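**Q** Before I ask anything, let me first share the structure, which is written out below as structure tokens.
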Amino acid sequence: MGETELVRRAQAGDREALVELLRSIENSVYRSAYYMLGNEQDALDASQEALIRIYQKIHLFQEKAKFTTWVQRIVSNICMDRFRSQKEAISLDEHELVLADRNSVEEAVMLTSLSHDVQDAISKLPKQYRVVIVLRYLQDFSYQEIAETLDLPLNTVKSYLFRARQQLQELLHDYEKGGVG
């Protein structure tokens, strides 16, 4: 059963469809929250809050936008609220990288290190840049979908992504040189 059908059935009161719908989006919700907030515990809390909010407000979803856009708007709003309440007290937990193909221990260590550097660099971006990076590159949203999700003008989204990529490039270059971390 497709997402659209699940949404319609969930809105009509079908609990099984709602549970299936929530299960289908929980990984995406967690991943977004993790990259926006920077640590596992905050991401778990935020994703749980988002799933509860989606459960409670599924009847308010209108098919003017894609369901995933609506979901990401909820996740983004929850994460932005947490930013405001925490200020800049964001920590980064070590997160284990699961590799599909472990050819060598050296390769696994290099990939884990690279993943950590990217995660750390993303966590150092200003929150507005971090959110657009997560939506664009981790959730594969189009520029228009990001604009709709964050309620921003399209040119602002493009500008944020441009600046975020510049800052990420600089941060990763610093990691390469051994200057950060």
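The values are calculated or read from the model by the stated rules, or taken from the named source; none is laboratory data. None of these values were measured; they are calculated from a predicted model. Reconstructed Cβ throughout: ideal geometry from the backbone, glycine too, with neighbour counts over all protein chains shown.
**Q** Based on this model, can you work out whether Val132 counts as at pLDDT 70 or above and under 15 Å from Ala33 (Cα atoms)?
**A** Against the criterion (at pLDDT 70 or above and under 15 Å from Ala33 (Cα atoms)), Val132 qualifies.
**Q** Looking at the stretch 63-86, which of the residues that are basic (Lys, Arg) and more than 15 Å from Leu44 (Cα to Cα) is surrounded by the most Cβ atoms within 10 Å (Cβ to Cβ)?
**A** Arg73
**Q** Looking only at the stretch 28-42, decide whether some residue is among the β-branched types (Val, Ile, Thr) and either in contact with a strand residue (DSSP E or B) (Cβ under 6 Å, 6 or more places away or on another chain) or loosely packed, with under 15 Cβ neighbours inside 10 Å (or both).
**A** No, the stretch 28-42 contains no residue that is among the β-branched types (Val, Ile, Thr) and either in contact with a strand residue (DSSP E or B) (Cβ under 6 Å, 6 or more places away or on another chain) or loosely packed, with under 15 Cβ neighbours inside 10 Å (or both).
**Q** Please go through the stretch 4-25 and pick out each residue that is free of Cβ contacts under 8 Å to residues at least 24 places away in the same chain and surrounded by fewer than 17 Cβ atoms within 10 Å (Cβ to Cβ).
**A** Glu5, Arg8, Ala12, Gly13, Asp14, Arg15, Glu16, Val19, Glu20, Arg23, Ser24 - these are the residues of the stretch 4-25 that are free of Cβ contacts under 8 Å to residues at least 24 places away in the same chain and surrounded by fewer than 17 Cβ atoms within 10 Å (Cβ to Cβ).
**Q** While we're looking at this one, here's another question. Check Tyr30, Tyr35 and return the single one that is at pLDDT 90 or above, closer than 14 Å to Val131 by Cα and of a type outside the set (Lys, Arg).
**A** The unique qualifying residue is Tyr30.
**Q** Just to check your reading of the model, which residue among Leu150, Leu171 is over 19 Å from Ala33 (Cα atoms), surrounded by 13 or more Cβ atoms within 10 Å (Cβ to Cβ) and in contact with a Lys or Arg (Cβ under 9 Å, 6 or more places away or on another chain)?
**A** Within the list Leu150, Leu171, the selection yields Leu171.
**Q** Turning to a different aspect of this structure: Which residue pairs have Cβ atoms closer than 6 Å, lie 6 or more positions apart in sequence or on different chains, and pair a first residue in the stretch 26-41 that is over 12 Å from Gln119 (Cα atoms) and in a helix (DSSP H, G or I) with a second residue that is at pLDDT 90 or above and among the polar types (S, T, N, Q)?
**A** Val29/Ser47; Tyr30/Ser47; Ala33/Ser47
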